[in-house]
Structure formats: C-alpha cells, structure tokens
Amino acid sequence: MPDRLIIKGGRDVEGEMDVRGSKNAATPMIAATLLAEEGVSKISNLPLIADVYKMISLIESVGAKVEWVGEREITVDATDISPESLDQKLVAQMRSSILVMGPLMARFGKLSIRHPGGCLIGARSIDTHLNGLESLGVKIEVEEFGATETHDSGETKKAHIYHLEADSLKGGEVVLDEFSVTGTENLLMAASLADGSVVIRIAAAEPHVQNLAVFLNKMGAEIEFLGANSYLVKGKKKLSGADHAVIPDYLEAGTFIIMGLASGGKLRVKNVPVDHLSLVLSKLKKFGGNLRITSESTVEVGGGRLQIDKIQAMPYPGIPTDLQSPLGVLATQAEGLTLIHDPMYEGRLKYLEELNKMGAEIVMCDPHRAIINGPSKLHGTKLDPLDLRSGAALIIAGIIAEGTTIIKDVSQADRGYEEIDKRLREVGIDIKRIKE
C-alpha cells in the first residue's frame, strides 16, 4: 500500500521555501554519464526524489559504479558497463528510463529495452525516439512477450520489447515528429557519438534540455543550439566524464508560487530560476496575483483577486503542461469562467474530476479542454492522483479546502517533490504522512 497524506485545510501559508534541483534535468544527466568511456562524472544539486533513485539503480544495473560523495552529489564511473544486464523490470516502472536508450545505443550499437512505464496521463508513444534513431541508421525490431500489461493509455496489451542495432550512427538531418523533451534528449546523447554531424529539428528547447547539452559539451561533445528549435551536433569518437550541477527546478518553483497565490498568506520562494518562468510569472500577474520578484532568484507571493480567462499549455517557452494542473486548482478560486486547454495528453485533465468531488464547478468539454466556473469553496474528501503533477495539484487543493483531505497515494508527488509534506509543514500547513 502506498503512503497517504492527511491535510487539514484552511490555514494560510507563511514562510520560505527553497526550490530543489530539477528532476527533469537530473534524470537525463544521470543517463548521459553512460556515454563516458573514460573518467568519472560528478553530478551535484540532485533532488532527493524517487525518480532520481530509480535512475541511479537503472545505470547501476548495467554496471555503472555510483558513489554518493555529498548529500546531493554523486560520482559515476561508467567505463566498464554492459547493456545486456539492463534491469528491464525497472525500465517498465519509469517513463524516464527511456533515456538510457540513446547513450547505450551510441556507445555499444546494440540494445534491447522494454517499453517504459510512467504517469497515467494518456497515450505516450516512444515513436519519436524510435523514428529519430532510425534516421541515424538504427534498425529496430519489436517483439511481444509474456502476459498482458496495462499501458499509459489504459489499454491492455501484451508487453513488448524493442531490439535496436546499428554498425554505427550516421550523420544527417533528423526531423522529430513532435517537440518531445525526452526524444530530443535521447537524440542529443546518441548524436554525440555519431559518425559526422547531425542536425535535429522540431527539437524541444526546455531549460533542462539545454542544460543536458551543456553537460554533454563538458564531456567532450560539440552541440550548438541553432535557435528555431534546432540543434547541431558534431559527432565525436568518445566522451569522457565531467562535473556539472543540476539547475533549479522551474516546475517546482512554479508549483509553490501557484500554491501561495491559491492559499493566501505570505510565501517567499527562493532559488527560483526566474528566467525560465517568464511567461508563467507574467500571466500570474495579469490574472491578478500579488507576486513580486525581489531578486534574481526570489519571488514573494501573497494572494490576490484572481480572474483567469484561459490557460493554454504549450511547449517551452509557453505555459508548461506540467504546471497546467496546479493552475487548474488556482482557477477554482478565480472569478468567472476559465477555459483550460492542454493539447498534449488526453489524460492530463483527469484531476479535474477529483476537484469536482471537492465541490468545484467544472465542465469537461473533451479530453483536452474544460471550463472552470469560480470561485468555489472546496471541501476535503478522499482524492486519487493519477500522475506526478496532479499529485501536487491535489495537495494544493487540500490546502485550500475546508475540512480534511486524504491523498490516497503520495508516491506520485514523491517522484518529483522532495519531502513535500515536511516542507509544507515548515510553512504552516497541517499535513502528515501515514506510512503503510
């Protein structure tokens, strides 16, 4: 049984919260250490969360030697690894496990890997990854095996495994099928050891993607961001270990800022990568939120009279889909109608059904659009988060609701928010974890 959270709502948030390292920067960086044929890599400012621990276990399964040398710092020696020993059960548990595909294929030219697991937010094909690698000369076969399993879309199918092989990765132009973050990251890692230059177009440009490119360049790669969502990668014969720090998590920062606006009180959020949240912060001010940027990395939040016309999730630098669900909770406290549109995943709005259980007035138009009529008094009840970001959003809902809210599975939030219950208690929230 997963741990639960018990939240007694209605208390003002008061105090300071520090933003930790980015989950979405840490996991690809850990995977990228597998590219180093010599030397040791050092990664610092790691968030101490479930997905980071699982990714470390995954690279250890192929023989990487990982040592914790500080509270948030590891060294990785990947000079002697074998892709044949990849823990396929662990791959099936975590979406970001797909990130080992690029580096292992680039270094060894042969890999078998299961379809990755992940959040229940709708169909999440890995075709962008596979098609991109095929453009580099990789041959791919798909094998069904074993009993049936439930995929991200909720559809039950037989488990399947991908067999990839290439004599070498060739240069050329790769046009991705969509602005896929992990697809772009896999292609950047794979192309770093390609024979010749690779231009990647329709690529993601999120801060954590560009942070990965910086780390790869420290390892000896030659990657240039061309603008217009394109990268130029000049392939090298080999890469070496390097040192790098994980950037602060702009998604965690945005979540805490939105929480402060929704719950009232006075909250100071520190270590905020303000430049990564330009549009989000601008929109929150236009919505009527009282927030003030007091330094390059500190934002003070204090409620406000909110009116939100539309929340449109888009690729970076647009409103991140990962902040759409906290914004949806915020919209329940705004005056009038708010249209939410998230075109990326057809399951991303399922958390709104949980908000309706709390007394929100929300009409689902289709899997990608909903209309919220606010403000609503939310009432505590039992809630069931289906993914990482809805887990955080429902915690915010519990904070602002009257009465007691039970989050039935905190493991989703634990994947991306370090010690979330402890940190919320420090700013005045009545929240406790029930361990099962």
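The values are calculated or read from the model by the stated rules, or taken from the named source; none is laboratory data. None of the values given here were measured: they were computed from a predicted structure. Glycine gets a Cβ as well: all are built from the backbone with ideal geometry, and neighbour counts include every protein chain shown.
Below are the figures for this structure:
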| quantity | calculated |
| --- | --- |
| Residues being part of a helix (DSSP H, G or I) and within 11 Å of Met29 (Cα to Cα) - total across segment 42-59 | 3 |
| Checklist (1) within 15 Å of Lys357 (Cα to Cα); (2) more than 24 Å from the chain's Cα centre (by Cα) applied to Lys408, failing item | (2) |
| Long-range neighbours under 6 Å by Cβ, at least six apart or interchain, first residue free of Cβ contacts under 8 Å to residues at least 40 places away in the same chain within segment 96-110, second of a type outside the set (Phe, Trp, Tyr) | Phe108/Pro83 |
| Residue match in segment 14-27 (condition: over 15 Å from Asn271 (Cα atoms) and assigned to a strand (DSSP E or B)) | yes |
| Filtered residues of segment 127-145 (kept if surrounded by 15 or more Cβ atoms within 10 Å (Cβ to Cβ) and either among the polar types (S, T, N, Q) or farther than 17 Å from Pro103 by Cα (or both)) | Thr128, Asn131, Ser135 |
| First in segment 257-270 and of a type in the set (Ser, Thr, Tyr), second anywhere and in a loop (DSSP other than H, G, I, E, B), Cβ under 7 Å, 6 or more apart | Ser263/Asp12 |
| Sole residue being farther than 27 Å from Leu46 by Cβ, part of a loop (DSSP other than H, G, I, E, B) and either in contact with a Ser or Thr (Cβ under 7 Å, 6 or more places away or on another chain) or modelled with pLDDT of 95 or more (or both), chosen from Lys237, Lys283 | Lys237 |
| Number of positions in segment 90-99 that are in contact with a strand residue (DSSP E or B) (Cβ under 8 Å, 6 or more places away or on another chain) and surrounded by fewer than 19 Cβ atoms within 10 Å (Cβ to Cβ) | 1 |
| Every residue from segment 73-89 that is crowded, with 19+ Cβ neighbours inside 10 Å, within 25 Å of the chain's Cα centre (by Cα) and part of a loop (DSSP other than H, G, I, E, B) | Ala78, Leu86 |
| Pairs with Cβ under 9 Å, 6+ apart, first in segment 278-296 and in the same structural domain as Ile319 (by TED's automatic domain parsing) and surrounded by 14 or more Cβ atoms within 10 Å (Cβ to Cβ), second assigned to a helix (DSSP H, G or I) and aromatic (Phe, Trp, Tyr) | Val280/Tyr250 |
| Matching residues in segment 39-68 - criterion: being under 22 Å from Arg415 (Cα atoms), aliphatic (A, V, I, L, M) and at pLDDT 95 or above | Ile43, Leu46, Leu48, Ile49, Val52, Met55, Ile56, Leu58, Ile59, Val66 |
| Filter result for Met94 (closer than 13 Å to Thr27 by Cβ and in contact with an Asp or Glu (Cβ under 9 Å, 6 or more places away or on another chain)) | yes |
| Residue that is farthest from His129 (Cα to Cα), among those in segment 187-211 that are part of a helix (DSSP H, G or I) and among the hydrophobic types (A, V, I, L, M, F, W, C) | Val209 |
| Identity of the residue in segment 344-370, in contact with a Lys or Arg (Cβ under 9 Å, 6 or more places away or on another chain) and surrounded by fewer than 17 Cβ atoms within 10 Å (Cβ to Cβ), that ends up farthest from Arg305 (Cα to Cα) | Pro367 |
| Single condition Ile372 does not satisfy, out of (1) within 24 Å of Gly15 (Cβ to Cβ); (2) in contact with an Asp or Glu (Cβ under 8 Å, 6 or more places away or on another chain) | (1) |
| Strands (runs of 3 or more DSSP E) contained in segment 111-176 and holding at least 1 residues touching a His at 6+ places or on another chain (Cβ under 7 Å) and modelled with pLDDT under 85 | 139-150, 156-165 |
